[in-house]
Each structure stands twice: as C-alpha cells, then as structure tokens.
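Where a number appears in this text, it was derived from the coordinates with a stated rule and is not lab data. What you are looking at is a predicted structure, and each value in this text was computed from that prediction instead of being measured. Cβ atoms come from the backbone with ideal geometry, glycine included; neighbour counts cover every protein chain shown.
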Amino acid sequence: MKLFRRDLIERHGLRFPEDLTTGEDQIFVTRAYLHAAKISVLASYDCVYYVLRDDGGNLTTTVRNAPRPGGGSAGTFAAMLTLVAEHTPAGPRRDHLFTRLFQVNLQRALRGVRREHERDPERSRRMFAALHEPVARWYSEPAMARVPAIVRLQGELVRRGLYEETVAVVRYVRERRLALDARKGRKPVRWLAPADVTVENGRVFAHYPYFRDSRLGLPDDVFDVTHQVGARSFVRPRSVTVAQDRRDTRVLSVRGRRRTRLPAVALELTATRASDGRTVTAALPAPEPADGTGSTGGTGVRAGQGAGGAFTARIRVPQPGTWHLALRIAGSSTPELPLQTVRVESANPAHALRAWLGRSGRVARPAS
C-alpha cells in the first residue's frame, strides 16, 4: 500500500531485516518514515487492490505458529523501540511514536511471550529479556500515561523485569476478554473492563492483578482508568428514558439498564439548569449482589436491579426552567453521560390535579 522513492531507499540504505519472518515490513517502513522529508496520502480514488491467494494463506499466517528467529513480535518491538529512540530526540514527537508502540506492539509481543511460556519456558524468558532491556532503557512516563491502564500495567511489569507477574497479567487479559466476549482477545486491548473498581477522590481505579499489592508496591496511577471510563461504560445508553411525573412535573424519572457483566458502580443523576448552572443530584447506589456478600465483582443479576440490570432514579428540580439531565459515576471526575433536556413549567396545583384525575380515569370538573 506504499510507494517509496528509490533515492530515499538508496541514500539511507533502507533494507528489510532478513532475520525476521514477520514484522520486517514495520522496521523498513518506520525507517523510511523517520528519514522522509515528505509523506503524502493518495485517497482521491481506489489505487490499490488486494488479491486473495487461492489457498487462502500468506506468509504471516503460515509462520504464525512456527518458531520465529529473532524473537518474533518481541524482537520486532524491541527493534522498533530502539529505532524510534535513536532517530527521534526526546520530547513530544518521540512520546507520540512510543505511545503507538506500547499500546499495540508491546501487547502483541507479550502474547507471544505467554504462548512460549506454555510451550518452551526457557525461550519465553529469552523473549521477555529481549523486551525488558529496551523498555527499561526507553520507558517514557508521558507516553505510558496515554495508553490504557491494562497496557500501562504490563509495561510497568516489563520495565521492572517481573517475568512471572507479566505472564500472569497477559493470561488475565486473555481470560477476561474471553469472559466479556470481546473478539476472543485477538485485537490489542484499549479498554478492558475489570471485575471491580474503586472510586476515590474523583479518580477511578481498576482492580487489575496486583492492585495495591504490598509485595510489588505498584503506584495507583498504573491502575487509573478515570479518563477511560464514564457512566456510559457501565450503563446501556440506548436503554435510558426520561419521564416527568404527571402529578408533579418537577419530579423527573430516569429508567435504564446497567451492563450486567461489568461492576455495578454507584452512579449519580444530575440535573443542571441552563439559565444559571444550578445543579441538583440524586444518588443511584450500586445494588448489592444477590448472595449478600457485598462484593460488586462477578457477573449476573444483582439484588435491586431486576432482569437485565434495570434501574430507576428520581430527582426533583427546585424551580422551573430548562434542565439538562446526566448520569455520572458517583464521586468521580469522569465525563458525564448526557441524557434528555427537559423543560419544567411553573407548578400549578390545578394542572397537577387535572393530570392526576385524568390518569386515574376521572373527569376533572371546573370549580364552582
């Protein structure tokens, strides 16, 4: 899908590394990107066509399960990390490139480490060592702050050289994704829902392996998912409906369903008046599990949720006006899930009484 000017290739001696059976194109293309003075994208018409092989295979699928010289994905990642570091000065540009490598390439490399751990533990350790050296050398806090927390955790364990713990986390990622039916764990992880979370001081922390483990002493920042999650992560947005009480139009009811395979976190329903920003809130506690253990981990329908994790929240606005409703994680500074905007008129007892009588099947008569 790319065309390279021959002069660029010859001037910088760009070649495919012959010791890699997969990933060699990444190293070649990355070198070309870093040396290029100009890169153009041609998207005005279709100019590349794929032709599938008759046998349905290609080099990548042929060697996927075969032993790979050069460390496979681990060797490719290590070479890519070193390549970027050597051709890009420290700063935002290098961090930007590192972010992609840690988020995508590191996960692929670690899946290979896990598979080899099950087949050939000694080879797995050698692959891990090939990852540890460049990660420890080029580890970047700004880059890691941009990747999902589960990737941040893996990167921190690799940086510290904790082999067994790293393999355990990679295995956890695979098993958790299978439990959540998320493409069977084949694609790189961007958001992996944990079995439970902790909300403290406006931050949300995922209960991934080794969270607040005194033996390892990993910082809470490694598990911080505040900017990855919001109420929409735990609620099915399309299930949420808003209604006004017919007897008291200042009372608003919100109904919806939680995602029952995720932690049932405590939520807050907020109503903010458009004219002056005045906000009122109503608590929507996390339901207790049916077994009464108090844990919010696990799966299934919890007591107080009903089938499908149904919930109801009611809030009364103090004054008429236009009110914006939203759901947010209780105690968190994460973005809210915007709901409906409701126009609340002045309370009129006669209107409320007529509405109530009409709903009950009676006919309202004018006062004498």
Quiz item: How many nm is it between the label spots at Y50 and R160, if each spot is 7 Å from the Cα in line with the beta carbon?
Solution: 4.0
Quiz item: If the chain between H12 and T322 were fully stretched, how many nm would it gain, using 0.36 nm times the residue separation less the Cα-Cα distance?
Solution: 105.2 nm
Quiz item: At a Förster radius of 45 Å, what calculated FRET efficiency corresponds to the Cβ-Cβ distance of S239 and A145, to the nearest 0.05?
Solution: 0.85
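Round to the nearest 0.05 the FRET efficiency obtained for V29 and E122 when R0 = 45 Å and r is the Cβ-Cβ distance.
Once rounded, the FRET efficiency stands at 0.90.
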Quiz item: Using the 10 angstrom Cβ neighbour count as an exposure proxy, how do F98, F4, F28 rank, fewest first?
Solution: F4, F28, F98
Quiz item: To the nearest 20 debye, what charge dipole does the range 70-187 have about its Cα centre, counting +1 at the Cβ of each Lys and Arg and -1 at the Cβ of each Asp and Glu?
Solution: 500
Exercise. Can you tell me the order of 222-230, 120-128 when each peptide is scored by its average per-residue count of other Cβ atoms within 10 angstrom, highest first?
Key: 222-230, 120-128
Quiz item: At q = 0.10, 0.14, 0.17 Å⁻¹, what base-10 log of I(q)/I(0) does the Debye formula yield for the range 150-261 when every alpha carbon is treated as an equal point scatterer in vacuo?
Solution: -0.41, -0.67, -0.89
Practice problem: Measure off 7 Å from each Cα along the Cα-to-Cβ vector at S346 and R137, then give the distance between these two points in nanometres to one decimal. | Solution: 7.6
